[in-house]
Structure formats: C-alpha cells, structure tokens
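Notes for the one structure printed next.
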Amino acid sequence: MTGPNTGEASTDMAYKPFDADAVIDATAPLLNLRIAEAHRAGIKLNLKTASKMAALVEQVKLGDGAEPAPVYRP
C-alpha cells in the first residue's frame, strides 16, 4: 500500500478538470493583463483547446532511451 501515511510515494493522482477561468484569473495579473469581458470567452476557448492538445501529447508513452532529435527533418 502506498500513500501519505506509509512513507512511500503514491502513484494515484487526483484528476482535476481543467478550469480555464482559474487560469485566466491567476495568470492575467501576473502578466499585467487587463482582459475585457468581451474577450474572455475567446481566451477561455483557446485555453481549453490547448489543454486538450496537451492531454493528447501526454498520452504518448516514450521509452527510457527516447531522446529528442537534434535536427528536425520532415
């Protein structure tokens, strides 16, 4: 058994749905951005799309020996 009470690292991670509003609210002040309400829906949609794209990339399993290519060749 693993977890906080056993002294071992837990492999169970709680799933938290992506909260675009929280990202906007947290990062806009850090970047000194004033976001108009008219633009918020578009920003939110863009962040949700980026989150879905990142989730697809995270699903790719790489072997231990996987290294990035030094030069991109299509």
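Nothing in this text is a laboratory measurement; each read-out follows from the coordinates by a stated rule. It should be emphasised that the depicted structure is a prediction, and the values quoted were computed from it without experimental measurement. Cβ coordinates were reconstructed from backbone atoms using ideal geometry, including for glycine residues, and neighbour counts include every protein chain displayed.
Once the chain from residue 48 to residue 64 is taken as fully extended at 0.36 nm per residue, the excess over their C-alpha distance is 2.7 nm. Taking each residue as 0.36 nm, the span from residue 16 to residue 35 lengthens on full extension beyond its C-alpha to C-alpha distance by 4.3 nm.
The trypsin sites (Lys or Arg not before Pro) of segment 16-63 meeting both criteria, a DSSP state outside H, G, I, E and B (loop) and at most 14 other C-beta atoms within 10 angstrom of the site's C-beta, are 34, 61.
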